[in-house]
Amino acid sequence: MGAAAGRRAEDPQETALETTIAYGIVFRQSFGMRQAENGTCSAAESPLALAARLGEQGCAALKADYRSRMGQFLTPPGVAALLAAMFEPAGGEVRLLDAGAGVGALTAAFVEEALGRQRKPRSLHLTAWEAEKEFIGRLELVLERCVEAGRAAGVPTSYVLNHGDMLKDGAALLDEDDLFRGPSQSRGFTHAIMNPPYRKINTDSEARLLLRRAGLETSNLYTGFLWLVARLLEPDGQMVAITPRSFCNGPYFLPFRERFFGLMALERLHVFERRDALFAGDDVLQENLIMYARRSAKRRTSVVLGSSHGLLAKPARSRTVPYSRVMDPADPTRVVHLALDAADDDARRTVMGLSASLVGLGVEVSTGRVVDFRARDFLRKNPGEHTAPLIYPLHLNGGCMHWPSPGSRKANALLAVPETEDLLVPNGVYVLVRRFTAKEERRRVVATVFRPEGNLAAFRSVGFENHLNYFHRKGGALERVLAEGLALYLNSTLVDSYFRQFSGHTQVNAADLRSLRYPSKEQLCRLAASAEAGACDQAAIDGAVDATIRTSRR
Ligand SMILES: C[S@@+](CC[C@H](N)C(=O)[O-])C[C@H]1O[C@@H](n2cnc3c(N)ncnc32)[C@H](O)[C@@H]1O
């Protein structure tokens with residue numbers, strides 16, 4: 001097992017029974033409490049309260065930017081309790097896995113929940129993995145407090161603490177046939193609770209190779225953790241995880257969705273609509289999701305969906321919908337949809353009922369070709385001879401173009417020379433959609449028509465920077481009326497409501513825009529004609545979209 005160096009008892013006074021077994025994992029059943037260098041244990045303090053206190057201490061000992069880089073956002077006690085409450089009651093032997101355990105808040109919440117239920121487990125075996133040495137001593141204290149709580153409730157409780165890299169050790173465990181040969185681990189885990197670290201992993205990194213070996217191609221650590229843990233569950237094992245919502249859509253997470261939901265049956269999803277609601281003290285910008293799933297090839301007939309703004313005892317919205325409404329079996333992109341109420345259903349029905357696909361319209365959408373740091377030598381502050389306008393998101397404001405922007409730090413032009421030919425497109429009409437919207441923006445999809453007018457008219461070509469998506473026809477311009485109709489449709493509340501059902505982050509991928517249904521060409525042209533050119537007022541846009549789509553349905 002190499003790096004899976006289980007933590008050993010160093011304190012001779014410690015009343016712990018320790019058994020070392022093959023592969024170097026250390027198992028321990030502890031029947032006492034001990035004091036540690038990092039704080040004293042008060043017998044009255046619950047495991048979760050202790051985890052909260054030690055978590056603050058542990059975080060204070062680390063630099064904020066280091067924690068951010070390492071994905072060390074510990075779960076606040078209220079959120080941890082919410083996760084623990086999502087499990088089905090467990091009456092038998094429970095073998096819990098907490099991967100990336102921090103100081104053990106989730107394990108502590110699980111233990112409190114399980115011991116507090118009328119139907120208690122017959123026994124509890126806790127396994128925690130943590131890489132951060134600053135957390136290990138504190139995690140051990142929390143695990144020991146869990147053992148103590150188990151004993152007080154008459155439920156035999158033991159734990160294994162692995163100080164090591166979950167990816168390396170998890171992958172190695174999967175390689176082993178007869179892995180769990182410990183006192184209480186003869187099979188895989190029955191339960192897993194987790195708040196995995198969120199961090200990008202590079203294509204040729206060790207983490208990426210390990211996950212590839214374990215059967216998943218993924219670019220983020222958190223999906224890697226979810227996959228490994230899913231594989232470590234026994235059949236019908238339960239998992240509750242709090243993660244960013246980003247895995248629900250987009251091409252990067254498609255291999256994860258395919259593999260993970262091939263193994264796990266989704267039962268419940270809870271989304272927090274405000275990004276900062278849960279991890280208020282930390283700079284977390286992702287929308288969070290709690291997922292409850294079981295290791296089973298058999299899909300449920302329905303999924304329970306819930307949402308709230310922050311930590312409420314009851315979800316603000318909750319409903320049960322057919323499984324196929326969340327994951328359409330016919331959808332090759334396996335996007336996870338969250339239709340949280342009847343208005344969401346209505347938006348979905350309307351968009352899905354539209355007659356055209358983007359391909360059917362003969363239109364394509366691509367990411368802007370100019371990655372500015374790669375074209376540094378050709379960037380120009382101001383337009384001049386042999387240049388083309390270079391359009392950044394900053395040039396789009398309130399649905400209109402504002403170019404050039406002399407006061408900005410960004411370039412306004414790109415030298416139009418043979419070396420940049422592939423980065424430019426013929427000057428003409430395009431629809432531009434920002435790839436990233438600001439948190440406070442009302443809509444996720446913000447579209448602007450690019451017209452070769454005014455000071456933009458004199459150029460032969462134009463460059464769109466990589467933070468923009470642009471709609472085009474075979475790499476060239478669109479008809480003006482079609483472009484105006486498209487932009488109005490994309491800016492509608494209808495598209496926004498539908499988009500939010502499958503996208504929980506501020507990023508708008510070209511793939512997302514490709515997967516939408518669109519009004520027919522005739523409808524889009526009628527839409528453009530019915531709205532004032534450049535109309536930015538939301539009510540006017542929605543009125544025009546609604547009228548055009550509904551009139552055509554009759
Ligand atoms: C988002 S934090 C959550 C911690 C804890 N589960 C909680 O909810 O409070 C993720 C944890 O994973 C740990 N971690 C990161 N990479 C790891 C790895 N490769 N193996 C084990 N732990 C890791 C971090 O140190 C951090 O404590």
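From the set of residues in region 331-344 that are in contact (Cβ under 8 Å) with a residue 12 or more places away in the chain and farther than 14 Å from Phe502 by Cβ, which is surrounded by the fewest Cβ atoms within 10 Å (Cβ to Cβ)? Restricting to residues being in contact (Cβ under 8 Å) with a residue 12 or more places away in the chain and farther than 14 Å from Phe502 by Cβ, the top hit is Ala343.
Yes/no matrix, rows are residues, columns are (1) without any contact (Cβ under 8 Å) to a residue 60 or more places away in the chain; (2) surrounded by fewer than 17 Cβ atoms within 10 Å (Cβ to Cβ):
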| residue | (1), (2) |
| --- | --- |
| Pro393 | no, no |
| Gly398 | no, yes |
| Met401 | yes, no |
| Pro406 | yes, yes |
| Asn412 | yes, no |
| Glu421 | yes, yes |
| Leu424 | yes, no |
| Gly428 | yes, no |
| Val433 | no, no |
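Close Cβ contacts (under 9 Å, 6 or more residues apart or on different chains) running from residues in region 159-174 that are touching a residue at least 40 places away in the same chain (Cβ under 8 Å) to residues that are hydroxyl-bearing (Ser, Thr, Tyr) and buried (at least 22 other Cβ atoms within 10 Å of the Cβ) comprise Tyr159/Ser30; Tyr159/Thr107; Tyr159/Thr127; Val160/Thr127; Leu161/Thr127; Asn162/Thr127. Taking (1) surrounded by fewer than 23 Cβ atoms within 10 Å (Cβ to Cβ); (2) aromatic (Phe, Trp, Tyr); (3) within 13 Å of the ligand (Cβ to nearest atom) in turn, Phe110 satisfies each apart from (1). Scanning region 376-387 finds no residues that are closer than 25 Å to Val481 by Cβ and of a type in the set (A, V, I, L, M, F, W, C). Taken over region 300-330, the residue count meeting the criterion of being assigned to a loop (DSSP other than H, G, I, E, B) and either outside the structural domain of Met264 (by TED's automatic domain parsing) or at pLDDT 85 or above (or both) is 6.
Condition (residue is in contact with a helix residue (DSSP H, G or I) (Cβ under 7 Å, 6 or more places away or on another chain) and more than 16 Å from the ligand (Cβ to nearest atom)) applied to region 236-244: is it met by at least one residue? No, every residue in region 236-244 fails to be in contact with a helix residue (DSSP H, G or I) (Cβ under 7 Å, 6 or more places away or on another chain) and more than 16 Å from the ligand (Cβ to nearest atom).
To keep it simple, each residue is scored yes or no on (1) touching a strand residue (DSSP E or B) at 6+ places or on another chain (Cβ under 6 Å); (2) outside the structural domain of Gly476 (by TED's automatic domain parsing).
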position: Pro332; (1), (2): no, yes
position: Thr350; (1), (2): no, yes
position: Val371; (1), (2): no, no
position: Thr387; (1), (2): yes, no
position: His402; (1), (2): no, no
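Is it the case, given these coordinates, that Ala533 is touching a Leu at 6+ places or on another chain (Cβ under 7 Å), modelled with pLDDT under 95 and more than 30 Å from Glu273 (Cβ to Cβ)? No, not satisfied. Listed here are the helices (runs of 4 or more DSSP H) enclosed by region 465-540 that have at least 1 residues being basic (Lys, Arg), within 27 Å of the chain's Cα centre (by Cα) and closer than 29 Å to Ser307 by Cβ: 493-502, 510-515. Is region 460-471 home to any residue that is without any contact (Cβ under 8 Å) to a residue 24 or more places away in the chain and more than 26 Å from Asn249 (Cβ to Cβ)? No, there is no match, as no residue in region 460-471 is without any contact (Cβ under 8 Å) to a residue 24 or more places away in the chain and more than 26 Å from Asn249 (Cβ to Cβ). Checking each residue in region 94-104 for being aliphatic (A, V, I, L, M), within 9 Å of the ligand (Cβ to nearest atom) and over 13 Å from Ile242 (Cα atoms) picks out only Val103.
The values are calculated or read from the model by the stated rules, or taken from the named source; none is laboratory data. Note that the coordinates shown come from a computational prediction; the quantities given were computed from them, not determined experimentally. Reconstructed Cβ throughout: ideal geometry from the backbone, glycine too, with neighbour counts over all protein chains shown.
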